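Following: one structure in structure tokens, then a few remarks.
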Amino acid sequence: MSTDNEIYEEISWNVEVVQQLINKEKDADNLFVELDSYFTVGIRFSDSFWDFNFARKIPLSADKNRFDFAKIISKEFRVIIKKNVIRDLYISKNNRTTTTHGYYMRMRRFALFLQNEKFMHNFAHITPSIIQEYIDKKLSNTTKKNISTNLFAIRKMLDELEFGGYSLDYSSFEPIMNSIPVGEIIAESESNKHPNIPKQLHERIIKCALRDMEDETLRLQSCIMACLIVILARTGMRNGELRILEAGKLKEETIFKNKKSAYYLEFFTFKTTSTREGRWTQTFLFPDSLKAYQTLEKITEEQRNKLNTNYLVNSYKGRVLSNTSFYDRFDGFFLRHQEELGFNSLSEIEKLQLKQRTFKNLLEAKTFKSNYCEPVDCDLLLSQPIYTLNPHQFRVALANWLKDRGLTIEWIREHMNHMESEMTMWYFRDPESVKETLYYRASMDGTRIEAQKANLVKELTDPDLVQAYETINKFLKKKKLNIFKNIDEILRILKKSAVKESLVGMCTKAIGTLCEQQKRLALLEKHFYISYQLPDITSFDFNYKRLIEKLKVVEHNKALSQINPKFQKDYELEFTALKNFYQNRFKPEHEDLVEKVAIDGEIEILKAYPQLKQVIGRLTEIDKEVQEWVKKLNLENLLANEQNNIK
């Protein structure tokens, strides 16, 4: 049995070497020196391959604890990326290697693009236009959030150069680095929620999996995946939690005066906790998920004894199953049951809720075949796509299934291991909100939406909202739907649809833009910042900008609510979120940063936190700006009154 303290060991740093690598300011002559010194046990800075798995006792995602620099021929690119990895892990003590690995991969891909496609081996010729070309070529079919994250990774490389005194026109990169507005990322994230699973398909999946669990003609790995799918469907566990399930974690509790038993399953999660070590939690088991877990224990007992492990899901070498193998076996279940699950009988709208997996070449097909374990013809894999799902869709389906059975949001929250009930509400599409949004903007005859009311005219100055109006009206016209006459049909179509590049999917996005984005954001932030946060100045620059945005939004919503009481609730939600963010996040960070600067000086702070260079010299100005806003909105007085009431 693993305990919280057994999950991680601290990396034992050679502090003298680390400080030599990342704390030398404005030393351009030695910026790209690749020291042949050990910065931790067994790893030299000059090594082409770094493996931090020694610092992790649960080998989940072992590949994400490894950093391979061998293909980066350019010494400049390689050294800057290496320094970024060390800076992330050494300075941000709470960073997991898996978190740092994501930025490393993005920096690595950019470096390989420069090296292999632009034939560049140093930073001297890098320009904003080259970064834009990289986005256009490599990221054009991805999300705004992913583009923004890639830009942030590139910014980290530039920050390392600037900190080291490398001569480059850094100001010229600011426009492209800030080219993706935060609001667009939030709206896109809201629109691209994982879709639900059609009810009939969901029940057929569980039925097939229950049968596969005990099918002795199937190979062991297929039976294991069938058990996992039932557990997934009835507990809503995440992929990473499933892969580190342990034996002997079933707990029984007697109920109804000892006449019946309830069963709980303990499992380990890294998700709903702010600590890097993760924590143990539990979930209630329904009869079929209880049977699945007990079957899983039984059929893996011999394998676990042989491999000397307590984990229920393992590779052939006794390691935790990799993501790739997990998804191949997961998709293999759906391949085996393509006809029985009746994918072809689903409506076109329901099919939008599915994934289609295709194989581009024979190598991909053979890799899938080896992980899948069951006999399959590679020519068949290459000839047609597989209908499958995203494992996270089972969380969405479970939340809606439990809600339909009349269970409370709080019960569902606990069952799904959400930190707040608003995170649970994220999985539900609120029909009343959609109705209100459409009715409020409906034309007299109900055939379209328009912004004729005085307080809606401003919506037509926002390009995103204009696009939303056009998309919704196109949807209504093509489907021949009337807001007043066919509202239930509209809701049915939208509820069942996935958000993809179809007219229905685009309409779902558009309605999300109009009626869900700001309210959902406010609800989440209201609860996320409701308790005091330990000051962490790492992201103070971002949180300062976020505070100013919030202050402006609250001022706007306050004025709007005075014109029309209909917007009072939106104003109250935003104002509550603002109060919590200011009191529990911004203010402690600002005070902590001011104190650190007073003690250590600006230069030392910048050595540790180079990302704060835009704000470190403006702390007095920032304080004055924020206080003017606070006074305008009467924020401090309201907070003081709340504290007095609590006392």
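The values are calculated or read from the model by the stated rules, or taken from the named source; none is laboratory data. Model, not experiment: these values are computed from the prediction. Note that each Cβ is placed from the backbone with ideal geometry, even for glycine, and that neighbours are counted across all protein chains shown.
Okay, residues lined up against (1) assigned by TED's automatic domain parsing to the domain that holds Asn116; (2) surrounded by fewer than 19 Cβ atoms within 10 Å (Cβ to Cβ); (3) at pLDDT 90 or above:
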{"residue": "Ser129", "(1), (2), (3)": "yes, yes, yes"}
{"residue": "Gln132", "(1), (2), (3)": "yes, yes, yes"}
{"residue": "Thr142", "(1), (2), (3)": "yes, yes, no"}
{"residue": "Asn146", "(1), (2), (3)": "yes, yes, no"}
{"residue": "Ala153", "(1), (2), (3)": "yes, no, yes"}
{"residue": "Phe163", "(1), (2), (3)": "yes, no, no"}
{"residue": "Asp169", "(1), (2), (3)": "yes, yes, no"}
{"residue": "Ala187", "(1), (2), (3)": "no, no, no"}
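Just checking, which of Asn122, Asn95 is touching a helix residue (DSSP H, G or I) at 6+ places or on another chain (Cβ under 7 Å), at pLDDT 85 or above, surrounded by fewer than 19 Cβ atoms within 10 Å (Cβ to Cβ) and in the same structural domain as Asn65 (by TED's automatic domain parsing)? Don't jump to the end; show me each part of the working.
Details: Asn95 fails: at pLDDT 85 or above.
None of the other options fit; the residue is Asn122.
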>> Suppose the filter is part of a loop (DSSP other than H, G, I, E, B) and either touching a Phe, Trp or Tyr at 6+ places or on another chain (Cβ under 9 Å) or at pLDDT below 90 (or both); does Asn196 pass it?
In response: yes
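Check whether at least one residue in segment 590-607 is outside any helix (DSSP H, G or I), basic (Lys, Arg) and touching a helix residue (DSSP H, G or I) at 6+ places or on another chain (Cβ under 8 Å), and report yes or no. If you could, list the steps in order and put the result at the bottom.
The initial filter retains those residues of segment 590-607 that are outside any helix (DSSP H, G or I), namely 601.
Narrowing further to those that are basic (Lys, Arg): none.
Within segment 590-607, none of the residues are outside any helix (DSSP H, G or I), basic (Lys, Arg) and touching a helix residue (DSSP H, G or I) at 6+ places or on another chain (Cβ under 8 Å).
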>> List the residue pairs whose Cβ atoms are under 6 Å apart, where the first residue sits in segment 72-85 and is at negative phi, the second is assigned to a helix (DSSP H, G or I) and β-branched (Val, Ile, Thr), and the two are 6 or more positions apart or on different chains.
In response: Lys83/Ile22; Val85/Thr100
>> Looking at segment 469-502 only, could you name the residues that are at pLDDT below 75 and either farther than 28 Å from Leu201 by Cβ or among the hydrophobic types (A, V, I, L, M, F, W, C) (or both)?
In response: Leu491, Ile493, Leu494, Ala498, Val499
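Within the group Met157, Met105, which residue is under 25 Å from Lys64 (Cα atoms), surrounded by fewer than 17 Cβ atoms within 10 Å (Cβ to Cβ) and at pLDDT 90 or above?
Working: Met157 fails: surrounded by fewer than 17 Cβ atoms within 10 Å (Cβ to Cβ).
Just a single option satisfies the conditions, and that option is Met105.
Listed here are the residues, each with its yes/no results for (1) surrounded by 15 or more Cβ atoms within 10 Å (Cβ to Cβ); (2) assigned to a loop (DSSP other than H, G, I, E, B); (3) modelled with pLDDT under 85.
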site	(1), (2), (3)
Phe581	yes, no, yes
Asn584	yes, no, yes
Gln614	no, yes, yes
Glu636	no, no, yes
Ala640	no, no, yes
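Residues that are under 22 Å from the mean Cα position of the chain (by Cα) and at pLDDT 85 or above: which helices (runs of 4 or more DSSP H) entirely in segment 263-379 hold 3 or more of them? Write out each step before concluding.
On the way: elements: 287-307, 323-336, 348-351, 362-372.
Here the list reads 323-336.
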